[in-house]
Amino acid sequence: MNILVTGAGGFVGKSLCPRLVQRGHNVSGLAHDITTPFPSPLRFDLVVHLAAHNVTHVGDQDNGLYARVNVQGTKNVLEAVDAGHFIFLSTAKVYKNEGLPAGQAGLPLTEDSPLGPVGAYEASKLKAEEACRSFFKGKRLVILRPVNIMGEGQAPKALLPIFFQKARQHQPLEIMGSARTPVQFVYVDDVADAVEAVIDHQEVDGIFNIACDQIVTIEELARKVIALTCSSSPLNMPGGREDVPCSRVICDKALRQLGWKAKTGLEEILQRYQENAA
């Protein structure tokens with residue numbers, strides 16, 4: 001197929017695009033600034049829309065960028081590209097967290113769970129989803145809702161790269177919120193696998209959660225990084241260790257309809273981070 005991948009040079013795009021090329025597809029990356037209208041229509045068999053302004057854990061946030069890139073940018077892509085099939089990478093953060101404290105069985109989050117985005121990032125992703133559904137009227141559209149995507153090559157402002165960088169330098173690892181904040185994750189290659197599974201099941205449309213079953217707290221994650229790097233870094237937890245509600249994202253639908261299940265667990269992800277830096 002002729003496939004357009006927006007955000008081809010990004011974290012997920014760098015994992016996905018070589019796979020698509022290897023499978024014989026004609027893959028085009030998008031160099032155009034999606035915040036401005038496109039000068040002429042583009043025609044492709046499939047669009048994989050990955051381009052976005054992503055949330056990070058450090059630094060100031062320009063909430064206006066979420067609206068310009070994630071919402072208006074998505075609308076510009078929809079209006080500019082004539083495609084038979086459209087895959088949009090959203091986020092599981094659009095769900096309302098109705099869980100119980102970490103370690104207790106809270107309400108599982110399925111694709112039918114109530115929505116309740118809290119921050120500007122997840123709110124912009126939900127608005128982009130709505131734009132996609134309005135444009136495609138529920139047909140030829142797949143929306144993927146991954147949890148925290150992890151993997152080597154991730155932006156240095158993301159949580160895990162920060163932990164590894166500081167641990168290797170024996171600097172303090174700081175957890176600003178509660179150390180018991182739960183983290184559910186998925187490996188970047190498993191996200192690429194999910195996109196490939198959608199391509200292999202073009203008769204399928206709708207929303208699919210993408211996640212690994214494991215959940216760890218930020219404190220557990222930090223301690224694993226310290227141990228793996230043989231670091232002397234102290235762990236600072238000014239936010240304390242209060243329990244934080246935890247809702248597990250369930251991916252039964254992806255397994256049932258796409259044959260997809262996350263393959264990579266946390267220990268392997270951390271080991272690959274460590275090997276990549278060696």
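The values are calculated or read from the model by the stated rules, or taken from the named source; none is laboratory data. Computed from a predicted model, the values in this text were never measured in an experiment. Cβ: placed from backbone, ideal geometry, glycine included. Neighbour counts: every protein chain shown. Each accessible area value is taken on the protein alone, full model and side chains, heavy atoms only, with ligands, DNA and RNA left out. Shrake-Rupley method; radii C 1.70, N 1.55, O 1.52, S 1.80 Å.
Would you confirm whether or not region 186-197 contains a residue that is among the hydroxyl-bearing types (Ser, Thr, Tyr), modelled with pLDDT of 95 or more, assigned to a loop (DSSP other than H, G, I, E, B) and surrounded by 16 or more Cβ atoms within 10 Å (Cβ to Cβ)? It would help to see each step written out before you state the result.
So in region 186-197, the residues among the hydroxyl-bearing types (Ser, Thr, Tyr) come out as 187.
Pick out the ones that are also modelled with pLDDT of 95 or more and you get 187.
The next check asks that each one be assigned to a loop (DSSP other than H, G, I, E, B); those that pass are none.
No, that holds for no residue.
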Restricted to region 134-149 and to residues being touching a strand residue (DSSP E or B) at 6+ places or on another chain (Cβ under 6 Å) and in a loop (DSSP other than H, G, I, E, B), the residue surrounded by the most Cβ atoms within 10 Å (Cβ to Cβ) is VAL147
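Based on what the data block shows, is LYS157 within 16 Å of ILE218 (Cα to Cα), out of contact with any Lys or Arg (no Cβ under 7 Å at 6 or more places or on another chain) and part of a loop (DSSP other than H, G, I, E, B)?
The answer is yes for LYS157.
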Say we look at region 255-272 and pick out the residues that are open to solvent by less than 20 Å² (accessible area, probe 1.4 Å) and touching a helix residue (DSSP H, G or I) at 6+ places or on another chain (Cβ under 7 Å); which of these is farthest from ALA197 (Cα to Cα)? LEU270
Would a scan of region 168-182 turn up a residue that is among the acidic types (Asp, Glu) and assigned to a loop (DSSP other than H, G, I, E, B)? no
Could you pull out the residue among LEU107, LEU115 that is aliphatic (A, V, I, L, M) and in contact with a helix residue (DSSP H, G or I) (Cβ under 6 Å, 6 or more places away or on another chain)? LEU115
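Among the candidates GLN61, GLN72, which residue alone is among the polar types (S, T, N, Q), modelled with pLDDT of 95 or more and open to solvent by 50 Å² or more (accessible area, probe 1.4 Å)?
On the way: GLN61 fails: modelled with pLDDT of 95 or more.
None of the others qualify; the one that does is GLN72.
For residues in region 225-253 being polar (S, T, N, Q) and under 16 Å from SER178 (Cβ atoms), which is surrounded by the fewest Cβ atoms within 10 Å (Cβ to Cβ)? Write out each step before concluding.
Step one: of region 225-253, the residues polar (S, T, N, Q) are 229, 231-233, 236, 247.
This time we only want the ones that are under 16 Å from SER178 (Cβ atoms), so: 236, 247.
Numbers: ASN236: 13, SER247: 20.
The selected residue is ASN236.
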Just the residues that are closer than 18 Å to LEU78 by Cβ, open to solvent by 50 Å² or more (accessible area, probe 1.4 Å) and under 21 Å from the mean Cα position of the chain (by Cα), please, taken from region 1-28. none
Among residues belonging to region 212-233 that are touching a residue at least 60 places away in the same chain (Cβ under 8 Å) and assigned to a loop (DSSP other than H, G, I, E, B), point out the one that is farthest from PRO108 (Cα to Cα). SER232
